[in-house]
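Quick notes on the structure that follows.
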Amino acid sequence: MNIQSRACEITRHSFFLPILAGILLLLTPTVCLTAERDEIQRRPVQSTVIASVGYEAKGRILELEFQSGAIYRYIDVTEDIFRRLLAAESKGQFFGANIRNKFRSELVKPRAIK
């Protein structure tokens, strides 16, 4: 193989590299990207268990900050669950009955060490 043929072969492969990279990005599960998203805006709530609550409707992500300082994201949570949490008389009880162990979660920030 002469130099000109080799250069053509390298160029042909180089053309496909960005396309392959784009395909790989499309195939990457979205749950891996949640930790890289901007912080979800939370609002303070009256609760002895939960300090603040935030929701991202597009990604269906519920973010809870607990009184301990820990922050968790719950994946694939409906907006109905979010609204019912905000309306609940006891947010801690609602969390225990309807969210804890019902949705996949990610630790965003560990609890504060005292």
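Counting charges near ILE71 (Lys, Arg +1; Asp, Glu -1) among other residues having Cβ under 11 Å from its Cβ returns a value of 0. Computed over every Cα-Cα pair of region 36-114 and binned at 5 Å starting from 0, the pair-distance distribution P(r) comes out as 3, 16, 30, 30, 15, 5, 1, 0 percent. The listed residues GLU79, GLU56, once ranked by accessible area (1.4 Å probe) with the largest placed first, stand as GLU79, GLU56.
The values are calculated or read from the model by the stated rules, or taken from the named source; none is laboratory data. Computed from a predicted structure; not experimentally measured. Counting neighbours? That spans all protein chains shown, and the Cβs are built from the backbone with ideal geometry, glycine included. Surface areas here come from the heavy atoms of the whole protein model, side chains and all, with no ligands, DNA or RNA. Shrake-Rupley method; radii C 1.70, N 1.55, O 1.52, S 1.80 Å.
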